[in-house]
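Report on one structure; see the data block that follows.
The values are calculated or read from the model by the stated rules, or taken from the named source; none is laboratory data. Keep in mind it's a predicted model, so treat the numbers as computed, not measured. Positions of Cβ are generated from backbone atoms using ideal geometry, with glycine treated the same way; all protein chains shown enter the neighbour counts. Just so you know, the surface numbers come from the protein's heavy atoms only, side chains and all, with ligands and any DNA or RNA stripped out. Shrake-Rupley method; radii C 1.70, N 1.55, O 1.52, S 1.80 Å.
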Amino acid sequence: MASVYDRHVDLPTFMEGVKKRNPGQDEFVQAVQEVAQDVFDFIEDKEEYHEAQILRRIVEPDRIVSFRVCWEDDNHCVRVQRGWRVQNNNAIGPYKGGIRFHPSVNESVLKFLAFEQTFKNSLTGLPMGGGKGGANFNPKGKSDSEVMRFCQSFMTELYRHIGPDTDVPAGDIGVGAREIGYMFGQYKRITNRWEGVLTGKGTEYGGSKMRPEATGYGAVYFLRNMLQHQGQDVEGKTAVVSGSGNVATHAAEKIVQLGGKVLTLSDSGGFIHDPDGIDQEKIDWVKALKNERRGRISEYVDHFTGASFHEGKRPWDVPCDVALPCATQNELNEAEARELVGNGCMAVAEGANMPTTLEGVKVFHDARILYGPGKAANAGGVAVSGLEMSQNSERISWNHERLGQMLTELMEGIHGKCVEFGEKGGHVDYVRGANIAGFKKVADAMLAFGVM
Ligand code: NDP
């Protein structure tokens, strides 16, 4: 009978062990499964990885900190939230990954995100380990003062676990420029140090140009790389985009700049479909709606005639050439993947993290369409965060043009690695390519350190 300690344990036995050690953590188990199936194949004949139990070690976070976050709302009621930081793996650099504030945040979600982040950061080629953090706090509907008090309280605990050479958090869902500003201010106040401890900062205080655009633009560059590898281009293509936050609006913007037509955007209330195309002016309106007025995407149809709002629905049944899921995890299931493929969708580039379920991914694989998983396609954000760290360390600031060029090259590099490890019989399996390329660098660094 196989045991999890067997050097050559098979995939089902290995996954059984992962499930047992992480009870009820479905998102984490799903993320591990997706990586393990490719990595198993890759390491099969590589004894050094088996001997060092690299796979068992890589699915165990270095450390998880959880803490109480108390704050007072505008009615002077004391509120209690839970915060976390998952420091997953720092083999190739300081922990790096965003902070998410959303009611759905729990340890499983953050562990899956930190795990994915480890391979994504490795793929960028920059020296960054993987981490993720957050709290079950909902900034929606809160006043600026409430958000400030929450962020200050959150940082009052977090600051002791992070640092520019230890762990460098950034934004994610529910954490944008406003929240980063409040958290950076509090870190600076407590430590009396101005240092590059967070990325996604405002450009007035050490933030990098291009960081807000980087994830969305990068996802579209990755899409363009995949299409060009097949002799196609973004120009003239119709695109379905989900979400209406940072990643979605910048992905939509880049599609438009490259001559494509964006048909949809969404939020957790539903999606809007604009058959005339969501052009730059409309995207700017959505950015203001979301960032300044903190409104809902349903308001779009009151301003732009010809568009329709589909309450409680996701946009995947709208026929399109390419799809960009840019909202959240598991927002595209098997049936929706079938709908996309059936309607002729030729490429999917994930702006969000793990937006497609495992069953949905299988549909894309079986149909042999171009499918760029989040850990490759949305790595542009963390890549520019890495460049923000470099600029902070050097006390300089690069211009937009230089950073834009670097982002384009970084995404080309990631695409190239996916092709190198994922091309077989004329078809590129981007999931396999990203998993293996991301894994190999981290695993080889772990081997160099011995058993720890
Ligand atoms: P934002 O908070 O700016 O936007 C999130 C968007 O997703 C909003 O439109 C939100 O709608 C929608 N959304 C959230 N939860 C759900 C849900 N359950 N169902 C439907 N829609 C939902 O976040 P970002 O744009 O920064 O992040 C989006 C995704 O991209 C996440 O998966 C994130 O991890 C990933 N990502 C982000 C990076 C970055 O640089 N920002 C880097 C790499 C990945 P609503 O307002 O209704 O909640």
**OP:** Output the number of residues of segment 286-307 satisfying the condition of being within 20 Å of P275 (Cα to Cα) and under 23 Å from the mean Cα position of the chain (by Cα).
**Re:** 4
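Return the total of residues in segment 350-378 being aliphatic (A, V, I, L, M), away from the ligand (no atom under 12 Å from the Cβ) and within 19 Å of K417 (Cα to Cα). Break it down into steps so the answer makes sense when it comes.
Applying the first criterion (aliphatic (A, V, I, L, M)) to segment 350-378 yields 352, 354, 358, 361, 363, 367, 369-370, 376-377.
Then keep just the ones that are away from the ligand (no atom under 12 Å from the Cβ); that gives 358, 361, 363, 367, 369-370.
Those left that are additionally within 19 Å of K417 (Cα to Cα): 369-370.
Result for segment 350-378: 2.
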**OP:** Filter segment 170-189 for residues that are farther than 24 Å from H76 by Cβ, part of a helix (DSSP H, G or I) and either touching a strand residue (DSSP E or B) at 6+ places or on another chain (Cβ under 9 Å) or at pLDDT 95 or above (or both) and give the result.
**Re:** I180, G181, F184, Y187, K188
**OP:** From the list L113, L123, pick out the single residue that is under 20 Å from D26 (Cα atoms), outside the structural domain of T357 (by TED's automatic domain parsing) and aliphatic (A, V, I, L, M).
**Re:** L113
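Looking at E60, E51, E107, E72, which is the one that is surrounded by fewer than 24 Cβ atoms within 10 Å (Cβ to Cβ) and at pLDDT below 95? Before you say what the answer is, go through the steps one by one.
Numbers: E60 fails: at pLDDT below 95; E107 fails: at pLDDT below 95; E72 fails: at pLDDT below 95.
Answer to the check: E51.
State whether the residues of segment 190-203 include one that is free of Cβ contacts under 8 Å to residues at least 24 places away in the same chain, on the phi > 0 side of the Ramachandran plot and not in a helix (DSSP H, G or I).
Within segment 190-203, the subset free of Cβ contacts under 8 Å to residues at least 24 places away in the same chain is 192-194.
If we keep only those that are on the phi > 0 side of the Ramachandran plot too, we end up with 192.
Filter once more, so that each one left must be not in a helix (DSSP H, G or I): 192.
Within segment 190-203 (the criterion being free of Cβ contacts under 8 Å to residues at least 24 places away in the same chain, on the phi > 0 side of the Ramachandran plot and not in a helix (DSSP H, G or I)), the answer is yes, since at least one residue qualifies.
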**OP:** Test each condition in (1) in contact with a Phe, Trp or Tyr (Cβ under 7 Å, 6 or more places away or on another chain); (2) within 13 Å of the ligand (Cβ to nearest atom); (3) open to solvent by less than 30 Å² (accessible area, probe 1.4 Å) for L340 and report the one that comes out false.
**Re:** (2)
Original post:
Looking only at residues in segment 267-308 that are within 15 Å of the ligand (Cβ to nearest atom) and farther than 16 Å from G243 by Cα, which one is least open to solvent (accessible area, probe 1.4 Å)?
Top reply: R293
Original post:
Listed residues I190, I173; which is within 9 Å of the ligand (Cβ to nearest atom), in the same structural domain as V69 (by TED's automatic domain parsing), open to solvent by 10 Å² or more (accessible area, probe 1.4 Å) and not acidic (D, E)?
Top reply: I173
Subject >> Flag for A327 being at pLDDT 95 or above, over 24 Å from S208 (Cβ atoms), open to solvent by 10 Å² or more (accessible area, probe 1.4 Å) and in a loop (DSSP other than H, G, I, E, B) >> reply: yes
Original post:
For segment 380-452, list the helices (runs of 4 or more DSSP H) that sit wholly inside it and hold at least 3 residues that are closer than 22 Å to Q37 by Cβ; which are they?
Top reply: 400-422, 430-449
Original post:
Pick from N435, N399: which is under 20 Å from the mean Cα position of the chain (by Cα) and either open to solvent by 60 Å² or more (accessible area, probe 1.4 Å) or outside the structural domain of M346 (by TED's automatic domain parsing) (or both)?
Top reply: N435
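For segment 123-169, give me the residue count where each residue is part of a strand (DSSP E or B) and either away from the ligand (no atom under 16 Å from the Cβ) or surrounded by fewer than 24 Cβ atoms within 10 Å (Cβ to Cβ) (or both). Reasoning before the result, please.
Residues of segment 123-169 that are part of a strand (DSSP E or B), as a first pass: 130-135, 163, 167-169.
Right, trim to either away from the ligand (no atom under 16 Å from the Cβ) or surrounded by fewer than 24 Cβ atoms within 10 Å (Cβ to Cβ) (or both) and you get 163, 167.
Here the count works out to 2.
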**OP:** Please name all residue pairs, on different chains or six or more residues apart, with Cβ atoms under 9 Å, provided the first residue is in segment 243-254 and is outside the structural domain of A323 (by TED's automatic domain parsing) and over 12 Å from A323 (Cα atoms) and the second residue is open to solvent by 10 Å² or more (accessible area, probe 1.4 Å) and near the ligand (Cβ under 8 Å from one of its atoms).
**Re:** none
Subject >> Which numbered condition V262 misses (of (1) more than 12 Å from the ligand (Cβ to nearest atom); (2) open to solvent by less than 10 Å² (accessible area, probe 1.4 Å); (3) outside any strand (DSSP E or B)) >> reply: (3)
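Is it true that S244 is assigned to a loop (DSSP other than H, G, I, E, B) and either within 16 Å of the ligand (Cβ to nearest atom) or among the aliphatic types (A, V, I, L, M) (or both)? Outline the logic, then answer.
Numbers: assigned to a loop (DSSP other than H, G, I, E, B): yes; either within 16 Å of the ligand (Cβ to nearest atom) or among the aliphatic types (A, V, I, L, M) (or both): yes.
Judged against the criteria, S244 is a match.
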Original post:
Pick from segment 196-241 the residues that are over 21 Å from A337 (Cα atoms) and hydroxyl-bearing (S, T, Y): which of them is farthest from the ligand (Cβ to nearest atom)?
Top reply: Y205
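What are the residues in segment 77-105 that are of a type in the set (G, A, S), within 16 Å of the ligand (Cβ to nearest atom) and outside any strand (DSSP E or B), if any?
S104, the sole residue that qualifies.
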